[in-house]
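Written below as structure tokens is the structure these notes are about.
The values are calculated or read from the model by the stated rules, or taken from the named source; none is laboratory data. None of these values were measured; they are calculated from a predicted model. Here Cβ is always computed from backbone atoms with ideal geometry, including for glycine, and neighbour counts include all displayed protein chains. Calculation scope for accessible area: heavy atoms of the full protein, side chains included, ligands and nucleic acids excluded. Shrake-Rupley method; radii C 1.70, N 1.55, O 1.52, S 1.80 Å.
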Amino acid sequence: MKLNFENWTFTALKSEAEIPEAIANKTLSATVPGCVHTDLLAHKLIPDPYLDQNENELQWIGRTDWRYETKFEISKEHLAHERLELVCLGLDTIAKIELNGQLVAQTQNMHRAYRFDAKSFVNAGQNALTITFSAPMTYGEKLRNRLGDLPNAYVGMPFNFMRKMACNFGWDWGPILTTAGIWQPIYLEAWNCARINTVRPLLSLNDDLTAATLNIHFDLDINVHPKIKLRAILKKDEAVVGESSSLEAQANSLTLEIKHPQLWWPVGHGEQPLYDLELRLEQEGQVLDTVQKRIGLRKTELDTSVDSIGSAFTIKINNKPIFIKGANWIPDDCFPTRLTRERYAERITQALEANMNMLRIWGGGIYEQEAFYDLCDEKGVLVWQDFLFACAAYPEEEPFWSDVEAEAKYQVTRLSSHPSLVLWNGNNENIEGYFDWGWQGKLKGRTWGKRFYLELFPSIVAELDPSRPYWAGSPYSGTMEIHPLADNHGSKHIWDAWNRKDYLTYRAYVPRFVAEFGHQAPPTYATLEQSLSERPFAPNSTGMLHHQKAMDGNQKLHDRLKEHFPVPEDFDLWHYAMQLNQARAIDYGVTYWRSHTPICMGTLYWQINDCWPVTSWAAIDGYGRKKPFYYATKRFYADRLLTLQPRGDKLVLFACNDSDEAWEDEVSIARLSFAGKVLANESLSFIVAPRTTSSLMVLPSFLSLPRHSNQELLLAKTSKERALWFFERDKDLDCPEARFEARLEPKASHLELTITAKTLLRDLCIFVDRLHPDATINDQLVTLLPGESVTFIIKKLQDVTLEQVTSQPVLQTVNHLIQAAKEVS
């Protein structure tokens, strides 16, 4: 029997900062689950922290203690139960829990659920539950000062001294919004005799995958246990396919044998059948408790076998190597309680439509809500799950160690039923930090988290979830004896391209797996208009710089752009150029590494999403709008990719076939003038086996050596795919003035805009969000040769003219960039 709480209130208590008069000493209604920021926003007592520089005005919140309170009725029926417990599924973070003024518990971990005895604290009639949250910023600073500082990437932020969402304290893409509150459901639960505490369904498949054994591990809370029976029932499409029971609850596991299992596969490799597992705890025919889980039957492995190059890093599902095409995932909102199943579904659908098959849940955020993993199970999106340790040294001493151990056991158990989760990873960049960020001199022998990653977490995964592989960190080479950024081993992060060099550096590496790399760009124009009140926009305006959190971010944007394009003075062209360069950078890396399959077996770029409106590495901005980079992702992650890549002083045509069908086609390769004249050409037939990459041709000199390198290009073309190669960087191209014909046709549910090129049009974009913030388009960054046409599908846009959708700044091309530079010079 559950008793949910209602009519919550919250109050600001003491603070190191000045509490606004409208809030100080006021008791206000609260929403639970929620947090202080969302409650204050609901009362319109604070400005939206995502707008302008409002974030700065709200720093007092993280330095204030807060009290949440509710009054509730307890009936004699509740008290008649043998047990009455307070269940807290998520408290953020430093919490003191009281019932009727009596201390029940104190907690310090956002990432754990808690269950406490309540019966001895409550009475029949009205009762009061009070939870007081200590100021997270103040608490973390005091603990750091007491224990001694430890290195982290964000000097002054004490996130590594708390088990709290680290990016609450700011990141190079996120604001400082340190939350407090009851962020997950909380309730009273009354029960008799016994209840099911945890369930871990662990699967094993035989070698040929024709039979499965499901070992269902469980833990019971037992008050009295005569004649208790636990029954497990497995169904597929309502039909029972397996059943087992344990008498007297004497065992801690049940076993089901499954003949002819329907295997769960990642998207693009097969279907995602899910089975319904129900556990019933019974006593003499009476059901005491039930637990339902949805499971998928699949085998997951991480192949790190030694080879002639070094050691592999290949994820295998059902014995099949999977080339990983995906991105890193951060919390989709600074306030996680605003994340609904619908919002998760939108993001995961966007990932699928961009041809991704994996999302990595990064270690500075949260273990996501059940809806996220449920949707990935249903859609076939693989999940790489970090333990929540990122970019910092962490203390290993008590009580930190025991709290981390309990957190890890809770989360590994909680997520064990999800077939989409295929890898546990110990940390983000902490091993790299120990090697390369100057930590060793600062630590002077102190602990930094190593034993978490190399001892505690692998032992917990081996004990509680042995069906999944564990990896100690990313980047990591598999041993502390090899540098974590070694090309030939493990998972690699490549950040020198963004931070110090240029994305041309990507071709200096042939990694086994790239788990992070990225390039920044501002958000969409509509998101700028929605989040900044200043006009006109300028790259270095106060508002733009506040929504740029990376160190020297705008300077790096400028430096990376000038390597490839003229740097425009006009903001609209600057905005287009930066978004274009972001897409070019990641396309450059991914296509090169895909041409090196199977040496490289995956790329996860940084990052798919944002938590607020900001200039960042994301493909989808903080308000859910797609940057041009997103549309480039669709192409470079397509199952079939044609790409021209250098090999030494030669140019080679590759075909990447990430499908289960052989790719049989004919390809033509032509060297063309920008006017479309064929200067040289060749063709050949080819067959590329399933899930392989093949070198189709080393281009002969008559194709690879142009007469006029700034006026010619290569076009490789099959029946459906094509690849382009320009011999010079865009800033050196003799790009013609953009000329085209256009036609706009209204349809029942959308508009169709057809563009026919009269000259070469390079990376054509139609920014329909400039005409309406909700407008969408099906493609961007389209290159057309003279005479070629493309039809764009535009939705949520009405009453516009052809001139509006085909004039700058709505329509932009590289041609416009080049011409603007010529006019200035």
key: Mean shadow area of region 254-372, taken as a quarter of the surface of its Cα convex hull (nm²)   = 11.8
request  = Sticking to Cα atoms, compute the Rg of the chain to one decimal and its Dmax as the biggest Cα-Cα distance, whole number, in Å.
outcome  = 28.6, 92
inquiry  = Under a Cβ-only charge scheme (Lys and Arg +1, Asp and Glu -1), can you give me the dipole magnitude of region 107-152 about the Cα centre, in debye to the nearest 20?
reply    = 100
query = Ignoring any ligand, DNA or RNA, what whole percent of the accessible area of region 26-160 comes from carbon and sulfur when the probe is 1.4 angstrom?
reply = 47
task = Output ³J(HN,Hα) for region 171-177: one whole-Hz value per residue in order, computed from phi by the Karplus curve 6.51 cos²θ - 1.76 cosθ + 1.60 with θ = phi - 60°, and x for Gly and Pro.
result = 8, 7, 9, x, x, 8, 9
message = Suppose each label sits 7 Å from its Cα in the direction of the beta carbon; what would the R294-E370 distance come out to in nanometres?
response = 1.1
query = Assuming a viscosity of 1.567 mPa s and a temperature of 4 °C, what translational diffusion coefficient in µm² per second does Stokes-Einstein assign to region 442-520, Rh being the Kirkwood radius over Cα pairs?
reply = 89
query = Computed over the Cα atoms of region 517-556, what is the ratio Rg over Rh, Rh following Kirkwood?
reply = 0.96
note = Over all viewing directions the Cα convex hull of region 196-297 casts an average projected area in nm² of 6.8
inquiry  = What does the C-alpha gyration tensor say about the overall shape of region 609-715? Classify as rounded when a/c is under 1.5, otherwise prolate if a/b is larger than b/c, or oblate.
reply    = oblate
request  = Please give the per residue volume of the convex hull enclosing the alpha carbon atoms of region 701-825, rounded to a whole number of Å³.
outcome  = 120
remark   = The base-10 log of I(q)/I(0) that the Debye equation returns for region 686-767 at q = 0.13 Å⁻¹, one scatterer per C-alpha, is -0.68
key: Separation of alpha-carbon centers, region 786-808 and region 128-190, rounded to whole Å   = 48
With eigenvalues of the C-alpha gyration tensor scaled by 5 and rooted, region 40-81, Å = 39, 12, 7
note = The rounded separation in angstrom of the Cα centers of region 209-245 and region 699-713 is 67
query = Using the alpha-carbon centroid of each, what span in Å lies between region 398-465 and region 353-373?
reply = 18
task = Using the heavy atoms of the protein chains and a 1.4 angstrom probe, tell me the accessible area per residue for region 380-505 in square angstrom.
result = 31
remark   = Phi-derived 3J(HN,Hα) across region 150-161 with the Karplus relation (6.51, -1.76, 1.60, θ = phi - 60°), rounded Hz, x for Gly and Pro, is 10, x, 8, 6, 10, 4, x, 8, x, 4, 7, 9
query = Counting only DSSP beta bridges with both residues in the chain, what percent are antiparallel, rounded to the nearest 5?
reply = 85
query = For region 9-145, what size does the Cα cloud have along each of its three principal axes, sorted from largest down, in whole Å?
reply = 55, 34, 23
ask   = When Rg is the radius of gyration of the Cα atoms in region 620-682 and Rh is its Kirkwood radius, what does Rg/Rh come to?
value = 1.09
remark   = If amide H atoms are modeled at 1.01 Å from N in the peptide plane, then the residues at a separation of 5 or more from G426, or on another chain, having amide H under 5 Å from its own are F387, W471, A472, G473
key: Relative packing of 789-802, 64-77, which averages over residues the other C-beta atoms within 10 Å, highest first   = 64-77, 789-802
J(HN,Hα) series, region 656-669, from Karplus relation 6.51 cos²θ - 1.76 cosθ + 1.60, nearest Hz, glycine and proline x = 9, 10, 9, 9, 8, 10, 4, 9, 10, 6, 10, 10, 10, 10
query = Considering amide H positions built from the backbone, and no H for Pro or chain starts, which residues 5 or more places from S491, or on another chain, come under 5 Å of its amide H?
reply = Y476
Accessible surface of region 675-825, 1.4 Å probe, proportion on carbon and sulfur as whole % = 46
inquiry  = Please compute one quarter of the surface area of the Cα convex hull for region 455-569 and express it in square nanometres.
reply    = 11.0
query = What shape does region 543-620 take by its C-alpha gyration tensor, where a ≥ b ≥ c are the square roots of the eigenvalues and a/c under 1.5 counts as rounded, a/b above b/c as prolate, and the rest as oblate?
reply = oblate
request  = For region 428-538, with all protein chains present and a 1.4 Å probe, just round the carbon and sulfur fraction of the accessible area to a whole percent.
outcome  = 50
DSSP beta bridge pairing in region 4-125, given as percent antiparallel to the nearest 5 = 95
request  = Provide, as a two-decimal number, the C-alpha radius of gyration of region 316-386 over 2.2 N^0.38 Å, N being how many residues it has.
outcome  = 1.09
task = Compare the peptides 277-290, 773-786, 29-42 by average per-residue count of other Cβ atoms within 10 angstrom and give them in order, highest first.
result = 29-42, 773-786, 277-290
query = Which of the pairs K626/K720; K627/K731; K320/K450; K26/K76; K236/K299 have their Cα atoms more than 27 Å apart in this structure?
reply = K320/K450; K26/K76
request  = Sort 436-449, 389-402, 759-772 for me by packing, meaning the mean count of neighbouring Cβ atoms within 10 Å per residue, highest on top.
outcome  = 759-772, 389-402, 436-449
inquiry  = Relative to 2.2 N^0.38 Å, what does the C-alpha radius of gyration of region 351-413 come to as a ratio? Two decimals please.
reply    = 1.36
inquiry  = How big is region 38-109 along each principal axis, measuring the range of its Cα positions in Å and listing the largest first?
reply    = 55, 24, 21
ask   = Which percent, to the nearest 5, of DSSP beta bridges fully inside region 274-429 are antiparallel?
value = 55
request  = For region 584-684, report the accessible area per residue in Å² (1.4 Å probe, heavy atoms, rounded to an integer).
outcome  = 28
message = Please compute the per residue accessible area over region 168-290 with all protein chains in place, 1.4 Å probe, rounded to a whole number of Å².
response = 42
